[in-house]
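Comments concern the structure below.
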Amino acid sequence: MHERVEKILINTEEIQEAIKKAGKWVDSEYKGKDLVLIGLLKGCLPFFGQLISNISIDCIIDFMSVSSWKGKTTAQTLPLITQGITENIKDKHVLLVDEIIDSALTLKYIREYLQEKYKPLSVEIITLLDKPMGRKVSLQPIYKCFEIENKFVVGYGCDYQGKLRNLPYVGIFKEEKE
């Protein structure tokens, strides 16, 4: 266990099994539909990579980069799109892929932005981690692998100041006393 992790919340095997189930769910839910998976960088990468390897239906992938954290443990700014999509999503089903839903401010903003600007048939959210106690706006994912307590977590895409995303598990971050 990493020295900045207080406790492992979800181990590697649990994550891998949950993502396999998520891939099967996507196959079932979007079979016969024109699907675009949009990963929200950078945190989505471990989840996104494993998820698409467990999806067997045809789909298009794309990415967006959105920032609102500025290296802190709580959201600091309004969301800023630093990289937009490159695929045409008009009249397609969009599934936003993110590693965690916490306050939901960024995802709500992105969902509304995509709906208004590009006119897809639907925009839904799939997430590895859902932290409903952290919500500042009403938003629910269409699919979540795990619901977690209201703690700051790292690993499997979740970071602290850009680091610890590469941990193969999700752990509670050990904050240092200053």
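Here Q161 meets the list (1) at pLDDT below 95; (2) closer than 29 Å to K92 by Cβ almost entirely, failing just condition (2). Here the condition is being farther than 28 Å from Q16 by Cα, at pLDDT 95 or above and either hydroxyl-bearing (S, T, Y) or in a strand (DSSP E or B) (or both); of Y113, Y109, it holds for Y113 alone.
Could you tell me whether the stretch 118-125 includes any residue that is among the small types (G, A, S) and part of a strand (DSSP E or B)? The answer is yes, given that some residue of the stretch 118-125 is among the small types (G, A, S) and part of a strand (DSSP E or B).
Residues of the stretch 148-178 being over 15 Å from F47 (Cα atoms) and among the charged types (D, E, K, R), which ones? Selection gives E149, K151, K163, K174, E175, E176, K177, E178.
Within the stretch 87-99, residues that are open to solvent by 10 Å² or more (accessible area, probe 1.4 Å) have Cβ atoms under 6 Å from residues that are at pLDDT 95 or above and β-branched (V, I, T) in these pairs: E87/V36; E87/I60; K92/V36; D98/T127, counting only partners at least 6 apart in sequence or on another chain. Here the stretch 35-69 is the region considered, the condition is being of a type in the set (D, E, K, R) and in contact with a Leu (Cβ under 8 Å, 6 or more places away or on another chain), and the residue that is least open to solvent (accessible area, probe 1.4 Å) is D62. Being open to solvent by 50 Å² or more (accessible area, probe 1.4 Å) and among the polar types (S, T, N, Q) is not true of S103.
Restricting the search to the stretch 91-121, which residues are in contact with a helix residue (DSSP H, G or I) (Cβ under 7 Å, 6 or more places away or on another chain) and more than 10 Å from V36 (Cβ to Cβ)? The answer is V97, D98, E99, I101, D102, S103.
Pairing residues of the stretch 1-30 that are open to solvent by 90 Å² or more (accessible area, probe 1.4 Å) with residues that are polar (S, T, N, Q) and part of a helix (DSSP H, G or I), at Cβ distances under 9 Å and at least 6 apart in sequence or on separate chains, gives K20/Q50.
The values are calculated or read from the model by the stated rules, or taken from the named source; none is laboratory data. For clarity, every value in this text was computed on a predicted model and none was experimentally measured. Note that each Cβ is placed from the backbone with ideal geometry, even for glycine, and that neighbours are counted across all protein chains shown. These accessible areas exclude ligands, DNA and RNA; they are computed on the full protein's heavy atoms, side chains included. Shrake-Rupley method; radii C 1.70, N 1.55, O 1.52, S 1.80 Å.
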